[in-house]
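Values in this text are rule-based calculations from the coordinates and carry no lab data. Everything numeric here is computed off the predicted structure, so don't read it as measured data. Note that each Cβ is placed from the backbone with ideal geometry, even for glycine, and that neighbours are counted across all protein chains shown.
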Amino acid sequence: MGSQSSELTVVRLPEAVALHARPAGAFVRAAAAFGATIEVRANGRQADAKSILQVLGLGADGGTELEISASGDDAAAAVARLAELVAGLA
Amino acid sequence: MVFGIVECQAMTLETRNGVVGMVIVSHSAAIASGLAELVAQVAGPDVPIVTAGGGPDGTLGTDGGRVLAAMRAADAGAGAVILVDLGSSVLSVRAALAELSADDAAGFVLADAPLVEGAVAAGVTASTGASLAEVAGAAEEARGIAKL
């Protein structure tokens, strides 16, 4: 058993990239690779990072700050990976 | 129309392998193909998506024979979830399922889900390597997600 951990980071979407369609799909598929429970908040809304419909429902346009939090064994890796993915969206 | 067909994988009697596929059944070929395009963009290239849109004569309608062919094309070994639009789409899918043996029919789930949201949710879930039951569950969860 690994130790349970919680992680949180804030990352800003690139100005030209909204979290819609293809980027949102890439985000959710990356999140699904982790066992941790992962949430993402934006615009005062909260979504399960593994639910495409909830992530699309955030309505996060380019430049929006996303707060990504995770809890579970691989929480740190999950948050790091998703922050890297968001920052690298093009 | 076929999007992102994956290689068929070896399948034993006990287990189904590979990525779960998707069949989109609509009275309109344009709705079916447009939705397949959208799902492929969100879910990526690995999910087999096959459409059965329109009636036998190319008009608006549904066609059980076309649905059955689409089901067979979409199942790359892990089964396929079927999304439908309205009314007789359900009847056409049930007619197609009735053509299959019980074992073969077990490889398909007709999802009770809104067409667009269900297809997007199922496609992304399938792309993660999830099981047929998980993919169908993702489609049906779409019923409970508010649009606004």
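The number of residues in segment A:26-45 being in a strand (DSSP E or B), over 18 Å from A:Gly63 (Cβ atoms) and more than 14 Å from chain B (Cβ to nearest Cβ) comes to 2. Only residues that are at the interface with another protein chain (Cβ under 9 Å from one of its Cβ atoms) and crowded, with 20+ Cβ neighbours inside 10 Å were counted in segment A:4-25, giving 2. Within segment B:54-104, the only residue that satisfies the criterion of being touching a Pro at 6+ places or on another chain (Cβ under 9 Å) and surrounded by fewer than 16 Cβ atoms within 10 Å (Cβ to Cβ) is B:Gly65. Listed conditions (1) more than 13 Å from the chain's Cα centre (by Cα); (2) more than 25 Å from B:Gly144 (Cβ to Cβ) are all met by A:Gly44, apart from (2).
Screening B:Gly137, B:Gly123 for residues that are touching a residue at least 60 places away in the same chain (Cβ under 8 Å), part of a helix (DSSP H, G or I) and not charged (D, E, K, R) leaves exactly one candidate, B:Gly123. Checking every residue in segment A:53-67 against the condition of being over 15 Å from B:Val42 (Cβ atoms) and within 14 Å of another protein chain (Cβ to nearest Cβ) gives at least one match. Counting the residues of segment B:24-42 that are within 14 Å of chain A (Cβ to nearest Cβ) and among the β-branched types (Val, Ile, Thr) gives 2. Close contacts from segment B:86-105, counting a first residue that is of a type in the set (Val, Ile, Thr) and a second that is surrounded by 13 or more Cβ atoms within 10 Å (Cβ to Cβ), with Cβ to Cβ under 7 Å and a gap of 6+ residues or different chains, come to B:Val90/B:Val84; B:Val93/B:Val25; B:Val93/B:Val67; B:Val93/B:Ile82; B:Val93/B:Val84; B:Val93/B:Leu110. Residues in segment B:15-45 that are touching a residue at least 60 places away in the same chain (Cβ under 8 Å), in contact with a Ser or Thr (Cβ under 8 Å, 6 or more places away or on another chain) and among the polar types (S, T, N, Q): B:Ser26 alone. I'm trying to understand the selection: among the residues of segment B:66-100, which are more than 15 Å from the chain's Cα centre (by Cα), part of a helix (DSSP H, G or I) and not hydrophobic (A, V, I, L, M, F, W, C)? Passing the criteria: only B:Ser88. Is it the case that some residue within segment A:55-78 is under 19 Å from B:Ala126 (Cα atoms) and not in a strand (DSSP E or B)? Yes, because at least one residue in segment A:55-78 is under 19 Å from B:Ala126 (Cα atoms) and not in a strand (DSSP E or B).
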